[in-house]
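Just so you know, all these numbers are worked out from the coordinates, no wet-lab data involved. What you are looking at is a predicted structure, and each value in this text was computed from that prediction instead of being measured.
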Amino acid sequence: MIPNEIRKKYGLTRGKRVNIVDYGGVISIIPTAKDAIRESEGLFKGGQSLTKALITERKTKSLESSTNYILDSYAVLANFQKFI
């Protein structure tokens, strides 16, 4: 049984879901969030947007790939013109 003081402090009520983790001799009871995604919104607020960073990185790689393709195409055309 979990003491009343602890239950109140952590919002543990009858039917509340918890995770029990065994840390090798120490057991932790961790309340689970009803909606973990919604409750984690803003967790890293103020820092760099990881989504924006990922989009920027992918755009950069896409442009690099396109540039390499264009350069390769010019090289093929330049070599082809030698035979004409």
- request: List every residue whose amide H lies under 5 Å from the amide H of Val18, counting only residues 5 or more places away in sequence or on a different chain, with H placed 1.01 Å from N in the peptide plane.
  value: Thr32
task: Measure out, as a whole number of angstrom, how far apart the alpha-carbon centroids of region 31-57 and region 1-18 sit.
output: 27
task: Any chance you could run the full-extension gain for Lys52 through Val21? It's 0.36 nm times the residue separation minus the Cα-Cα distance, nm to one decimal.
output: 7.7 nm
